[in-house]
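The structure appears right after this line, and notes come after that.
Every read-out reported here was derived from the displayed coordinates using simple, explicitly stated rules and does not represent laboratory data. What you see is a predicted model, and the numbers here were worked out from it, not measured in a lab. Cβ coordinates were reconstructed from backbone atoms using ideal geometry, including for glycine residues, and neighbour counts include every protein chain displayed.
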Amino acid sequence: MGRQSQYTEEFRRDAIALYRAGGGTRTYAAVASDRGISGETLRTWVRKDNASDRGSAAASGGGSETAADELALRAENARLRNSEKEWQLEREILRRAAAYFAQEIWRR
């Protein structure tokens with residue numbers, strides 16, 4: 001009996017889909033850092049998913065590309081939302097810095 005994972009199944013599927021959406025251009029470590037996990041964790045998840053895909057494809061006679069595409073899009077969407085939040089924070093910091101320095105110039 002193993003311990004329960006801290007990551008949900010949906011989080012795992014999204015991370016795997018994001019890695020696969022890169023088409024081999026991004027490393028495990030790069031995708032994993034975007035998701036806040038280790039590269040080895042992601043690699044393990046991808047290997048297990050590949051093994052289960054082979055087993056289910058053999059049993060059903062085919063795969064579901066549309067589900068994988070949807071997961072890849074959802075993962076990419078989540079990544080873009082996070083980067084938008086980072087941009088908003090950077091803009092806010094720059095706005096405050098500009099206001100501070102403008103006050104300093106007018107005080108002189």
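A few points about this structure:
- Rounded to the nearest 20 debye, dipole of the chain from Cβ charges on Lys, Arg, Asp, Glu: 440
- In degrees, nearest ten, helix 39-60 long axis to first principal axis of the chain (Cα): 40
- Here the spin labels are modelled as points 7 Å beyond Cα on the Cα-Cβ line, and at Arg96 and Glu84 they lie 2.3 nm apart.
- Neighbour-count order for Phe101, Phe11, fewest beta carbons within 10 angstrom listed first: Phe101, Phe11
- Packing-based ranking, highest mean first, of 21-30, 36-45 given that Cβ atoms within 10 Å are counted: 36-45, 21-30
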